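Colleague: Could you have a look at this structure, given as structure tokens, before my questions?
The values are calculated or read from the model by the stated rules, or taken from the named source; none is laboratory data. Just so you know, these numbers come straight off a predicted model, no measurement behind them. All Cβ positions, glycine included, derive from the backbone under ideal geometry; neighbour counts span all protein chains shown. All accessible areas refer to the heavy atoms of the entire protein, side chains included, with ligands and DNA or RNA removed. Shrake-Rupley method; radii C 1.70, N 1.55, O 1.52, S 1.80 Å.
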Amino acid sequence: MTLAPHRRPVAPAAPPAPARRTAPGRGRGRVRPGRAVLRVLAYCVLAALAVAVVYPLCWMALSGLRSNGDLFSDPWGLPAHPHWSTYADAWRQGVLGYLLNSVLVTSASVVGVVLISAWAAYGLTRLELPFSQPALLLILGAMMLSPTVALVPLSQLLQALHINNTYWALIVLYTAFKVPFTTFLIRAYLLGQPVEVEEAALLDGAGRWQTFWRVVVPMSRPILASAAVLQALFAWNEYAFALVFVTDDRLKTLPVGLADMAGRLNSDWPMLFAGLTIAALPMIAVFLPAQRHFVRGLSEGVGR
């Protein structure tokens, strides 16, 4: 006699719950009318700002392709017959030399400011230095000094150092006047960075110099890019120091050189606009690739 296996009674499956009906107008993907209006207003404001920034640059570049008569008769019109030779004439009038001088002075000052400020900020945040707080107060005080106030003593100092009317006069001044602000900016960024990675590098046998170059500098790329862009904009557009401390026409930078060229051209506005366009292109080419690091470095550094 074979016994049948005992089977436990299976409870009947519960009926599926009815699907919840979403009330019309309450879907997750639907944007509230108030937020939609604010978003449209934000886009309109951003578009207006973009036009306000881009349109003068486009107008300046197009004005360099027009004749002097067309520019005054119809200042807002497009060039009917573009004169590309105006840019070549402006290039031969001395814009090339002024451009090379500005590139040299700006590049040297950017390298000097970033290296000195990064090393100073690292020492103020990571090393137990004597008189670190008075040094920080001295840096903050140097930020309040106006460059134009010190023109007379700086002229005497540069003459005593025998570097007046040379490239070194501008490089030294541009570096010295921007190191305090850049040091304060990089210091604020380093205060928010973890020190465990640097301590691990020190435990592995790396010295301070190796830790700075292989750990701190790669971690600080956003703020270093921001500091480099700010210094480049300052050195590229600076006028007072370049006017006072450089008198040789072969050493003049773009701001002073373009001002002198405007006097020589006798109101030849298209050629002047062509020179201004050539002067603006390098900074546009530098800022566009670095804008992501520039914004990130400023937001993280100033926000701490």
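Colleague: From the list W236, W213, which residue is aromatic (F, W, Y), open to solvent by 80 Å² or more (accessible area, probe 1.4 Å) and under 22 Å from V110 (Cβ atoms)?
Modeller: Of W236, W213, the one residue that is aromatic (F, W, Y), open to solvent by 80 Å² or more (accessible area, probe 1.4 Å) and under 22 Å from V110 (Cβ atoms) is W213.
Colleague: Could you check D74 against (1) surrounded by 10 or more Cβ atoms within 10 Å (Cβ to Cβ); (2) at pLDDT 85 or above; (3) under 30 Å from G275 (Cβ atoms) and say which number it fails?
Modeller: Of everything listed in (1) surrounded by 10 or more Cβ atoms within 10 Å (Cβ to Cβ); (2) at pLDDT 85 or above; (3) under 30 Å from G275 (Cβ atoms), D74 misses just condition (2).
Colleague: Another question, then. Would you mention how many residues in segment 167-200 are open to solvent by 20 Å² or more (accessible area, probe 1.4 Å) and over 23 Å from P153 (Cβ atoms)?
Modeller: Number satisfying all stated conditions: 11.
Colleague: Okay, next question. Identify, from the list M283, M261, the residue that is of a type outside the set (F, W, Y), out of contact with any strand residue (DSSP E or B) (no Cβ under 7 Å at 6 or more places or on another chain) and within 26 Å of S117 (Cα to Cα).
Modeller: It is M283.
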